[in-house]
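Report on the following structure.
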Amino acid sequence: MSVKCKLSYLLYPLMLLMALASIEAFAHGVDSSTRNFLETHSGVQIIPFMYIGAKHMVTGYDHLLFLVGVLFFLHRSRDVLLYVSMFTIGHSVTLMTGVLANIEVNAYLIDAIIGLSVVYKGFDNLGGFKHFFGKQPNPKVAVLIFGLFHGFGLATKIQEFQLPGDGLVANLLAFNVGVELGQFMALLFILLTINYWRKHESFNRFAKTTNTALMSAGFMLVGMQLTGYFIN
């Protein structure tokens, strides 16, 4: 099996799922079992909220696609840690403040911006900014800013259920810890896949194709969420 085919197990099934799924199914990313739990339980629920946070990150195709783009050309462990830390700080801040301060944002529009973050990273990896504009945005600042939007996206998932104040802070912290655990598992898989592929000559040969596919997936996300916004 060629390396290009192996890569398809990472990116292309995610894109296929997005193409086949309805807008409503992916509008907020909360499955029925999670919905039932959140609506029927109150008080401090540390382990369940950790599980829900980890599950959301591992199955969050928009977050995963963005991370694929961020990590695609990073070679050094120090750079991986720095960029992941910027993303983590961003989404942790807005997840907590968005819920605790009751900052309401439209879930469809936030998810559309998250889709744009995927487009941005694919375009940046292709050298699009330098080619067309002669200057590349600061990638670290960009990852931090988009991390803030990703955090608001996570906050909208929680706000949808109007959780009671009893145990809210503890549950939010547990949810955020779960998100980080899920992110770690996803990062491990993504890094192992990319590092394995990077050892082969086909990495450079298909890098353009892969990041073009990443941009296409991002545009699909944007279109899907904007359609949901106008329909609803």
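Ranked from largest to smallest solvent-accessible area, with a 1.4 Å probe on the protein heavy atoms, Glu104, Glu160 come out as Glu104, Glu160. Sequence-ordered 3J(HN,Hα) estimates for segment 156-167 from the Karplus curve with 6.51, -1.76 and 1.60 and θ = phi - 60° stand at 4, 5, 6, 4, 4, 9, 6, 5, x, x, 5, x Hz, glycine and proline given as x.
Across segment 138-154, rounded Karplus estimates of 3J(HN,Hα) from the backbone phi angles (6.51 cos²θ - 1.76 cosθ + 1.60, θ = phi - 60°) give 4, x, 5, 5, 4, 5, 5, 5, 5, x, 4, 5, 4, x, 4, x, 5 Hz, Gly and Pro being marked x. The chymotrypsin sites (Phe, Trp or Tyr not before Pro) found in segment 152-232 that occupy coil by DSSP, while having at most 14 further C-beta atoms within 10 Å, are Phe161.
Given a cut-off of 26 Å, name the pairs among Lys130/Lys157; Lys135/Lys208; Lys55/Lys135; Lys121/Lys157; Lys135/Lys199; Lys55/Lys199 whose C-alpha atoms lie farther apart than that in the structure shown.
Details: Lys130/Lys157 36 Å; Lys135/Lys208 19 Å; Lys55/Lys135 38 Å; Lys121/Lys157 24 Å; Lys135/Lys199 30 Å; Lys55/Lys199 31 Å.
Distance filter (> 26 Å) returns Lys130/Lys157; Lys55/Lys135; Lys135/Lys199; Lys55/Lys199.
Using a/c under 1.5 as the rounded threshold, could you call segment 108-178 rounded, prolate or oblate? The axes a ≥ b ≥ c are square roots of the C-alpha gyration tensor eigenvalues, and prolate needs a/b larger than b/c, oblate otherwise. Could the numbers behind the result be given before it?
On the way: a/c = 4.43, a/b = 2.76, b/c = 1.61.
Note, shape of segment 108-178 comes out prolate.
With r as the distance between the Cβ atoms of Val93 and Glu201 and R0 = 35 Å, compute the FRET efficiency 1/(1 + (r/R0)^6) and round to 0.05. The partial results should precede the final answer.
Working: r = 41 Å, r/R0 = 1.18.
About 0.25, to the nearest 0.05.
Accessible-area rank, largest first, for Val143, Val105, Val44: Val44, Val105, Val143, with all protein chains present and a 1.4 angstrom probe.
Can you bin segment 45-192 into rounded, prolate or oblate? Criterion: square roots of the alpha carbon gyration tensor eigenvalues sorted a ≥ b ≥ c, rounded for a/c under 1.5, prolate for a/b above b/c, oblate for the rest. Walk me through the numbers on the way to the answer.
On the way: a/c = 2.39, a/b = 1.63, b/c = 1.46.
Because a/c hits 1.5 or more and a/b exceeds b/c, segment 45-192 counts as prolate.
Of the trypsin sites (Lys or Arg not before Pro) found in segment 148-232, the ones in coil according to DSSP and having at most 15 other Cβ atoms within 10 Å of their Cβ are Lys199.
The residues Asp111, Asp166, sorted by heavy-atom accessible surface at 1.4 Å with ligands and nucleic acids left out, run Asp166, Asp111 from largest to smallest.
Across segment 211-225, rounded Karplus estimates of 3J(HN,Hα) from the backbone phi angles (6.51 cos²θ - 1.76 cosθ + 1.60, θ = phi - 60°) give 6, 5, 5, 4, 4, 4, 4, x, 5, 5, 4, 4, x, 5, 6 Hz, Gly and Pro being marked x.
Divided by 2.2 N^0.38 Å, where N counts the residues, the Cα radius of gyration of segment 156-196 comes to 1.64. The alpha carbon gyration tensor of segment 171-219 gives principal lengths a ≥ b ≥ c with a/c of 1.5 or higher and a/b no greater than b/c, which makes the shape oblate. Probing with 1.4 Å while keeping every protein chain in the model, the per residue accessible area of segment 148-232 equals 49 Å². Ordering of 53-60, 123-130 by packing is 53-60, 123-130, highest average first (other Cβ atoms within 10 Å, averaged per residue).
The values are calculated or read from the model by the stated rules, or taken from the named source; none is laboratory data. The shown structure was predicted, so the numbers you read here are calculated from the model rather than taken from an experiment. Cβ sites come from the backbone with ideal geometry, for glycine too, and all protein chains shown count toward neighbours. Accessible surface is based on the protein model in full, side chains and every heavy atom, while ligands, DNA and RNA are left aside. Shrake-Rupley method; radii C 1.70, N 1.55, O 1.52, S 1.80 Å.
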